[in-house]
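**Q** If you scroll down you'll find the structure; I have some questions about it.
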Amino acid sequence: MRAVVVTVVVALLFSSGCAARRNTAGSDGGADATVVTVLPTSEPVQPTYVPPNGPCAVQVNLPEPATTTTTPPAARPTGSHTPDVAPHNAENNGWKVRKGLSPEARQAGATAAEKIKQPLAALCGAGDFALDPTRKALADQGFADATVQYVRTPVGMRELAPGVFFALEIGAACVLGDLTPGSLRLSVDGHTGENSCVEPFSH
């Protein structure tokens, strides 16, 4: 039974490319012996270059300034059905609601977005999606403390997608954006309910 299990495991290693076969002469001069070498595996590498294909499309999103007008709460449903909502659902998901921006904070974010737009568009147009060039482009504009990381590959995709996510904190404003092949997106927004610009992966 043990021999059967070993045979199956070795076969799986060969089929997956994780092992290689090498024949050697037996130590007693008899028949050749088969040596199985397990090959080291490596993590997928994030692609950092994509050949340019035309100019990079730039999109900048600016929210409307927050107002002091209080919006009345929506009327409750008049039907007999009560939505099935977990207890404390609103409190548990409060971090998702970003805070509004004053006209001054909105302008500060818009000014920062305008400063970094051209240097980042140049990287996008060159097909450069490595972290260090993005950090340098932001630092050259005075944002050395920016968060820079690879974009998260959508669940289910086997290959890592090229792209860089970045976030700047400008007082009460956040400038969020990403560089992906053919596209630079910039968005000015407020802090999360947790007083941060970047949403933790755990959420």
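Just so it is clear, none of the values below were taken in a lab; they were calculated from the coordinates. Everything numeric here is computed off the predicted structure, so don't read it as measured data. Using ideal geometry, Cβ is built from the backbone for each residue, glycine included, and neighbour counts are taken over all protein chains shown.
**Q** Work out the FRET efficiency for Val50 and Gln118 from their Cβ-Cβ distance, taking R0 = 22 Å, and round it to the nearest 0.05.
**A** That gives a FRET efficiency of 0.65.
**Q** Could you work out how far apart the two model spin labels at Ala161 and Val58 are, taking each label as a point 7 Å from the Cα in the direction of the beta carbon, and quote it in nm?
**A** 2.3
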